[in-house]
Amino acid sequence: MSDPLTHLDQSGEARMVDVGSKPATRRRAVAEGFVRCSDALLQRIRADDLAKGSILRIAQIAGIQAAKRTDELIPLCHTIPLEDVEVQLGLAPGGVRIRAEASATWTTGVEMEAFAAVMAAALTVIDMGKAVDKSMVIEGVRLLEKTGGRGGTYRAHDASEIAQQPRGEPG
């Protein structure tokens with residue numbers, strides 16, 4: 001039998017999970033995503049000549065801001081005092097690769113913060129590049145790794161292979 005859904009009470013109503021009795025531990029999560037886009041947009045990003053500014057730098061800031069405000073974006077998500085958020089973007093064949101890492105010493109995990117960072121960065125790439133390429137697609141958003149807490153360590157089965165692959169050109 002699968003574990004019960006923690007955000008539902010016994011009658012099926014939504015609730016915020018009580019994490020007050022859980023010990024604070026160092027928690028870290030890494031997520032990634034990819035924005036598939038045209039060669040024309042990639043060339044413009046590489047040349048840094050878009051009217052709205054540097055897509056990669058602005059998307060990086062958007063990702064950091066989203067991680068810090070995840071509790072405002074996702075219902076029932078706890079406010080977490082983040083200690084560190086890193087968002088990296090790089091050009092890769094066919095698009096922009098995004099990787100976000102969030103960490104905190106707290107009573108609940110930071111996976112949603114890492115995901116929020118990836119998604120906000122991806123949406124910013126789309127917003128800033130849509131004048132050149134309206135067909136962009138966000139793909140492959142997933143958790144690569146999480147550490148800390150009662151659940152222990154999770155690592156995507158191919159995360160070590162991905163970590164060793166080039167991330168594309170630096171952002």
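For the stretch 71-165, the calculated P(r), taken from all Cα-Cα distances in 5 Å bins from zero up to the bin holding the longest distance, is 2, 11, 21, 23, 18, 13, 8, 3, 1, 0 percent.
Quick check on the chain: helices-only [θ] at 222 nm, where DSSP H runs of length 4 and up contribute -39,500 (n - 2.57) each and the sum goes over total residues. Nearest 500, please. Display every interim value, and only then the final one.
Values: 5 runs with 52 residues, N = 171.
The per-residue figure over the chain is -9000 deg cm²/dmol.
Count the lysine pairs in the chain whose Cα atoms sit under 27 Å apart, keeping only pairs 8 or more residues apart in sequence or on different chains. So the count of such lysine pairs works out to 7.
Overall, the anisotropy analysis places the stretch 56-97 in the prolate class: the square-rooted eigenvalues a ≥ b ≥ c of its C-alpha gyration tensor yield a/c not less than 1.5, with a/b exceeding b/c.
Karplus-based coupling profile of the stretch 67-84, in residue order and whole Hz: 4, 5, 10, 4, 5, 8, 9, 10, x, 6, 7, 6, 7, 10, x, 4, 9, 7, with θ = phi - 60° in 6.51 cos²θ - 1.76 cosθ + 1.60 and x standing for Gly or Pro. Coupling constants for the stretch 35-49 follow from the phi torsions by the Karplus curve (6.51 cos²θ - 1.76 cosθ + 1.60, θ = phi - 60°), and in residue order they are 10, 6, 8, 6, 4, 4, 5, 4, 5, 5, 5, 4, 7, 6, 10 Hz; glycine and proline get x.
Normalized C-alpha radius of gyration of the chain, against 2.2 N^0.38 Å?
Details: Rg = 17.5 Å, N = 171, 2.2 N^0.38 = 15.5 Å.
Computed over Cα atoms of the chain, the ratio equals 1.13.
Highest GNM mean-square fluctuation, the chain, Cα pairs closer than 10 Å: which of GLU83, GLU111, GLU32? So, out of GLU83, GLU111, GLU32, the one fluctuating most is GLU83.
From least to most packed, judged by other beta carbons within 10 angstrom and beginning with the fewest, HIS157, HIS78 follow the order HIS157, HIS78.
Full extension of the segment from ARG26 to THR105, taken as 0.36 nm per residue of separation minus the current Cα-Cα distance, would add 28.0 nm. For ARG27, the residues 5 or more places off, or on other chains, whose built amide H falls under 5 Å of its own are ALA104, THR105, TRP106. Label-to-label distance, ILE74 versus VAL141, with points set 7 angstrom from Cα along the beta-carbon direction: 1.0 nm. Amide H contacts of GLU145: VAL30, ALA156, each under 5 Å away and 5 or more positions distant or on a separate chain (H built 1.01 Å from N in the peptide plane; Pro and chain starts excluded).
Rule-based calculations on the coordinates, nothing more; no lab input. Remember, it's a predicted structure, so these values are computed and weren't measured experimentally. No Cβ is skipped: glycine too gets one built from the backbone with ideal geometry, and neighbour counts run over all protein chains shown.
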